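Remarks on the structure that follows.
Just so it is clear, none of the values below were taken in a lab; they were calculated from the coordinates. Please read all numbers here as calculations on a predicted model, not as lab measurements. Here Cβ is always computed from backbone atoms with ideal geometry, including for glycine, and neighbour counts include all displayed protein chains.
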Amino acid sequence: MIEPSAISALRTRESARFVANNPKSKSVFENSSGWFQQVPFHWMLDWPSPFPIVAASAEGAHLTSIDGQQFDDFCLGDTASMFGHSPPALSAALAQQAGQGLSYMLPTVKGAELSNMLAGMFGLPHWQVTTTASEANRAVIRWCRGLTGRQKILIFNGCYHGAVDDVFVDLRDGVAVNRPSLIGQVQDLLPTTVAVEFNDFDALESALRTGDIACVLAEPVMTNIGMVRDAPGYLETLRRLCSDTGTLLVFDETHTISSGYGGHSNSHGPMPDIMVIGKSIGGGVPCAVYGFTAQVSARMEALNKSRPSGHSGIGATLSANALAITAMHAMLGQVITRPAYDHMLAMADRLVSGLRQIIDVRGLPWHVSHVGARVEFVCVSEPPRNGSEARAAMDHELESAIHLYLTNRGILLAPFHNMMLLSPVTRPEQVDRLLHALDSCVGELLEIKA
Ligand code: PMP
């Protein structure tokens, strides 16, 4: 049994150790008062350390801080760099493009090739580019409402799809509420956003049978409230109900591209009507894409032609700029390959069996969740079946103490959850170092008595 007092004792000790070991990072942080809260982007304060590590460089699955510490990186930019930091093919393509112009508002030859590469890899014939996955999801919601003439969308409780106003509805004790943590939210989303629990077959069916839902926007496996796996048959039921009710099925594969080659849809099924992929598709260069079936494409074209002239509300000036197209072209052509996935999945298997062994040997009431190259340890014994159970399973104090301990031993985990990503360049010894450090952490936590 890990005592709360052990967690806070470890946290206090590890915070002091972090401060002592990272004087240069501390100094940069203290000299960054031009930034709001001393960071250029406030999420950078979400790491469990007293101040963020200041990065010097990163390559492959390694990151080096300005204090000279080497990290085995399992955060990988929270998926943006899940195929490794600065893959050589990407760096070379970017360097070349840098001297040839970065943004033209014109198509390029590489762009034409990329459209075919996207279709080949993800199995949908037509695509559009945006700058972030958030923006892609916003565009897709607008398209779906436009195509169906329906106002409502359906999302799963506990989901995250980026900075997308429409999805911020939670279920609290079964009652839909606007997500209370949002800043400056003035719109009541409840009339147009329906939230149901993931894996609840009946709730899904009754919501969709009303016939007034434009689209379901979902991750095929929930990954942002911890990982919640789909119950057997759930995604197939979702697919069938969407088809039966004229509801468009949108899979946001921004994270689940880690499930296998072609994303979760292609590696596990079923296929959606529209797919969104962001972050890693440009290897860290800001870009995202959404793809759709020929049928959806024809409807989009008809809608676009029939609407009055003027702003569509979809798109932004930097979308599909030459740098983004170059990045995706290099990533799809040379980095996001089948052999890359073979390695990622093998590393994930190694990590999963090591984690299960630690849990067994230490007698912890924990479990491991795993799809493709994304692995998570969860500090409760039963896998959560939906967003409410996943929210209840989170133990912020324990998780952040573990993360900090690991950071001090050269292991980086994403600050927002216990998710670990295995890249095509993650080495077995990196996995083993993570397992060793986690085992030591648990050992110490179990030993510290009140
Ligand atoms: N969709 C999912 C599933 C995500 O996890 C995220 C970000 N974590 C986004 C969309 C938004 O991506 P971005 O922040 O790059 O816009």
Based on the Cβ-Cβ distance from residue 245 to residue 112, what FRET efficiency comes out when R0 is 30 Å, to the nearest 0.05?
0.25
Sites residue 55 and residue 3 - FRET efficiency at Förster radius 35 Å, r taken between beta-carbons, to 0.05:
0.50
To the nearest 0.05, what FRET efficiency results for residue 444 and residue 30 with a Förster distance of 30 Å applied to their C-beta separation?
0.50
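Based on the Kirkwood radius over alpha-carbon pairs, what is the Stokes-Einstein translational diffusion coefficient of the chain at 4 °C with 1.567 mPa s viscosity, in µm²/s? Provide the component values of the computation, followed by the final result.
Values: Rh = 23.0 Å.
D, rounded to a whole number, is 56 µm²/s.
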Global geometry of segment 311-402, whether rounded, prolate or oblate, following the gyration tensor of its Cα atoms and the 1.5 cut on a/c
oblate
Working from the alpha-carbon coordinates of segment 385-435, get Rg over Rh, Rh being the Kirkwood radius.
1.04
Segment 1-110: GluC sites (Glu not before Pro) in DSSP loop, at most 11 other beta carbons within 10 Å:
none
Ranked 287, 441, 215, criterion: other C-beta atoms within 10 Å, fewest first:
441, 215, 287
So the compactness index of segment 88-335, its C-alpha Rg divided by 2.2 N^0.38 Å, takes the value 1.01
In nm, the gap between the two label points placed 7 Å beyond Cα toward Cβ at residue 337 and residue 89 is 0.5 nm
Residues of segment 253-283 with amide nitrogen under 15 Å from the 7 Å Cα-to-Cβ point of residue 236?
268-271
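Please count, across the chain, the pairs of lysine residues with Cα atoms under 29 Å apart that sit 8 or more places apart or on different chains.
Values: 26/279; 110/279; 110/305; 152/279; 152/305.
Summing the qualifying lysine pairs gives 5.
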